[in-house]
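Sharing a structure with you now.
The values are calculated or read from the model by the stated rules, or taken from the named source; none is laboratory data. Please read these numbers as outputs of a predicted model, since none were measured by experiment. Cβ: placed from backbone, ideal geometry, glycine included. Neighbour counts: every protein chain shown.
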Amino acid sequence: MLCMNTFVQAQSVLAPAAIIDRRVDSLLSLMTIDEKIGQLNQLTSDWIFTGPIKNDNDKVAQIKKGMIGSMLNVSGVKHTRELQEYAMQSRLKIPLLFGLDVIHGFRTTFPLPLAEAASWDLEAIEKSARIAGKEAAAAGVHWTFAPMVDISRDPRWGRVMEGAGEDTYLGSLIAKARVKGFQGKGLGDKESIMACAKHFAAYGAAIGGRDYNSVDMSMRTLWDTYLPPFKAAADAGAATFMNSFNDLNGIPATGNSYLQRDILKGQWDFKGFVVSDWGSIGEMVNHGYAANEKEAARMAIQAGSDMDMESRCYRDHLYQLLKENKIQHSQLDDAVKRILRKKFELGLFEDPFRYCDSQRQDAQWNRASHLQAAREIATRSMVLLKNEKQILPLPNHNIKIACVGPFVKSVRDHLGFWSIEWPDDSSRIVTLWDGINRKLGKGSSLVYAKGCHTNDADTSGFAEAKRAALQSDVVVLTVGEERNMSGESKSRSSLRLPGVQEQLIKAMVATGKPVVLLIHAGRPLVFSWAADHVPSILYAWWLGTEAGNAMADVLFGDYNPSGKLPMTFPRNEGQIPIYYNHFNTGRPPATDSSNIYVSSYIDLPNSPRYPFGYGLSYTSFSYESFMLSDTSLRGNQTLTVTVRVKNTGKYPGKETVQLYLRDRVGKAVRPVKELKKFEQVYLQPGETKEVIFSLTTADLAYYDNELNYNWEEGVFDVMVGGNSRDVHMRSLQWSK
Ligand code: NOJ
């Protein structure tokens, strides 16, 4: 009986793919060349633009002729239905695919992806993507251009806000969680949308942190550091990939056959389709890689870019290229088939309007459980950087609080850069002011002073801010970047607080009142004076719809902060790129200060302001009885690492126990440490838990200069701790 069931199940899992392939082939046989090319053409709607605008007055006519296969920047039942109805007037009635940047929430906005990464909470991250997927699917959206899985070591790059930070291991786990979240039970389930791993590849290493810039890196770094999150996304079943604006070692990613054909569709056997980034096919002319747009179209399709977002090069040139035999029919067919397959998998041929259901939209859009999830992950995303005099948590009784700063009453800023704005958002978004107000108990009061704007030289509000501070017991001060200072095309050469905000901090500290500083940003900022002089600092990013509630939860101790930095925070911009898993060099900074011939700066230490993995709690944790099961292992044996973590403070709290590894000597030099495992433990005051990690040789492997992926025997240092700097270390010999 059991065998029979297994057989029946196996059949039913395999059957749909085979059936879909047959349906794709038979549809393809009916299509004209123009209709095939149409499937590869993606244009933006005229309602939203997320790139340079090109005029195209006849989009409706193009849809009706089957000349457009997908639209981006369309959402809502009304709009998606309207456009799908035009597609149903085309000869073959092939449904349109609707894609949108659903990056950190849809109707309910969640914290920025980088902020969510600071939670190190994979379940919560998956849940956030799941909710975004459900809400978007109910509004006619089939496909999100997320997750961005680019590793980045450069906070000048404004897009760091959209990723998971600098670490490959953490980034790979988060990539997987997000893909699983968006795609839920799988394509075909009405509540799932297609994920898109982007930007393939290495976009996060744009030179100088300048968006759209070139990338030049060793193949080894590409394979070891930048590709694994993409591989994780592909393994998790990401339906699509997006290529990137950058050239990689001289070849634009969009025209890069090595990336798209050899690695992605070859070695990784990726069955989905690749969409270009906005206009990136045509941009190969500016790169100086294609002589003209026709050549760009040829190069892109040959390199494996299946869908053309917004450049129109495929639409305008593929037909002629085929006639001239410059591209093969099989290349066109392969791209079309990949796209049609996804339309079949989504069930759009059964019902092109299955994502357009206004009742479902209304129901999904007003779920208290979604707001609750947004609040929970927002509380987990904040990182406590300093709490010197234990000013936090604040009592909520008998306290006078001055709320000062340009973001106290911010509304839309909390949505961050990539968010969809709804007309009634302002009533849904919880400000810091409202969040604090809701918590205030007996005998407490609140005063407000804006102090200054974000980004000008006006200090006229300082006097009022000082008055507010002086009549209060504590100052809660908000500073930072506006939401649109990090994101696409938002590179900054200076990471300082804009305008006169640092002066405002100084003015508040000068009042002598205890100051709690909340910093909002989409990237690591440089705030040295505050780091040295303000006793309590909470990094609050942009936290989404429930921001104010979440911040108040943390300020008053209803949630004990547990976030850990997913990127290294530099002391100043001169240290960038800065990341924890660097090589040692031949001249590491010396302990003996008489040796000046070392790899260092003469004007500041190498160490960062705050290291990767760092974040405090209202309680404290100690690491005890750290042990390795063996000091000498052979071959495929397993190493067991145990450590007892104790809550030595007064509050219950969560600690993220991190395990780092160093391979002391390698065929190619190895990083000073690399994150290999982590686990989160929740402990009551006085409670101890044993955390057990297992390491195998799979955790030791890396790419050498010949791109062999192997582990080598030798001495390994195993480190555990609550961040990448403060670790306990033990060593072992691992032999073949
Ligand atoms: C350009 C961005 O690089 C990409 O991430 C985004 O998905 C597209 N524009 C569409 O908005």
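Any residue in the stretch 288-296 that is more than 16 Å from the ligand (Cβ to nearest atom) and surrounded by 24 or more Cβ atoms within 10 Å (Cβ to Cβ)?
Yes - at least one qualifying residue is present in the stretch 288-296.
Let me ask you something else. Restricted to the stretch 585-636, and to residues that are among the polar types (S, T, N, Q) and within 30 Å of ASP558 (Cβ to Cβ), which residue is farthest from the chain's Cα centre (by Cα)?
This residue is SER622.
A follow-up question, please. Criterion first (within 11 Å of the chain's Cα centre (by Cα) and either acidic (Asp, Glu) or within 15 Å of the ligand (Cβ to nearest atom) (or both)) does ALA206 satisfy it?
Criteria not met by ALA206.
Taking into account only those residues within the stretch 218-250 that are within 18 Å of the chain's Cα centre (by Cα), within 16 Å of the ligand (Cβ to nearest atom) and of a type in the set (A, V, I, L, M, F, W, C), which is farthest from ILE301 (Cα to Cα)?
ALA233
Answer yes or no as to whether THR478 is within 19 Å of THR431 (Cβ to Cβ) and among the hydroxyl-bearing types (Ser, Thr, Tyr).
Yes.
Listed residues TYR258, TYR212; which is at positive phi and surrounded by fewer than 24 Cβ atoms within 10 Å (Cβ to Cβ)?
Unique residue meeting the criteria: TYR212.
Additional query: Scan the stretch 117-153 for residues that are within 23 Å of MET567 (Cβ to Cβ) and either within 16 Å of the ligand (Cβ to nearest atom) or surrounded by 24 or more Cβ atoms within 10 Å (Cβ to Cβ) (or both) and report the count.
Final tally of qualifying residues: 16.
Quick check on the stretch 690-715: of everything there that is farther than 15 Å from ARG670 by Cβ and polar (S, T, N, Q), which residue is surrounded by the most Cβ atoms within 10 Å (Cβ to Cβ)?
So the residue we want is THR696.
Name the residues in the stretch 483-506 that are touching a residue at least 60 places away in the same chain (Cβ under 8 Å), assigned to a loop (DSSP other than H, G, I, E, B) and either charged (D, E, K, R) or within 16 Å of the ligand (Cβ to nearest atom) (or both), would you?
SER486, GLY487, GLU488, SER489, LYS490, SER491, ARG492
Confirm whether ALA374 is part of a helix (DSSP H, G or I) and buried (at least 23 other Cβ atoms within 10 Å of the Cβ). Reasoning before the result, please.
Working: part of a helix (DSSP H, G or I): yes; buried (at least 23 other Cβ atoms within 10 Å of the Cβ): yes.
Answer is yes for this residue.
Could you grab the pairs with beta carbons closer than 6 Å, sequence gap of 6+ or different chains, first residue in the stretch 270-298 and under 20 Å from ALA335 (Cα atoms), second one within 15 Å of the ligand (Cβ to nearest atom) and charged (D, E, K, R)?
Between residues of the stretch 270-298 that are under 20 Å from ALA335 (Cα atoms) and residues that are within 15 Å of the ligand (Cβ to nearest atom) and charged (D, E, K, R), the close pairs are SER276/ASP308; TRP278/GLU310; GLY279/GLU310; ILE281/ASP308.
Just give me the residues in the stretch 25-57 being within 16 Å of the ligand (Cβ to nearest atom) and outside any loop (DSSP other than H, G, I, E, B), in sequence order.
Selection gives ASN41, GLN42, LEU43, THR44.
Here's another thing I want to ask about it. May I ask you to list pairs of residues, at least six apart or on different chains, whose Cβ atoms are under 6 Å apart, with the first in the stretch 67-87 being more than 14 Å from ALA139 (Cα to Cα) and the second being at pLDDT below 95 and more than 16 Å from the ligand (Cβ to nearest atom)?
none
Of everything in the stretch 417-463, what is touching a Ser or Thr at 6+ places or on another chain (Cβ under 9 Å), closer than 24 Å to SER128 by Cβ and modelled with pLDDT of 95 or more? Give them in sequence order.
The answer is ILE429, VAL430, THR431, LEU432.
Of everything in the stretch 450-464, what is buried (at least 18 other Cβ atoms within 10 Å of the Cβ), within 17 Å of THR511 (Cα to Cα) and out of contact with any Cys (no Cβ under 8 Å at 6 or more places or on another chain)? Give them in sequence order.
LYS450, GLY451, CYS452
Taking LYS689, is it without any contact (Cβ under 8 Å) to a residue 60 or more places away in the chain, basic (Lys, Arg) and not in a loop (DSSP other than H, G, I, E, B)?
Answer is yes for this residue.
Looking only at strands (runs of 3 or more DSSP E) that fall completely inside the stretch 380-482, which ones have 1 or more residues that are touching a Leu at 6+ places or on another chain (Cβ under 6 Å)?
Working: elements: 383-387, 400-404, 445-449, 474-480.
Strands (runs of 3 or more DSSP E) meeting the threshold: 383-387, 400-404, 474-480.
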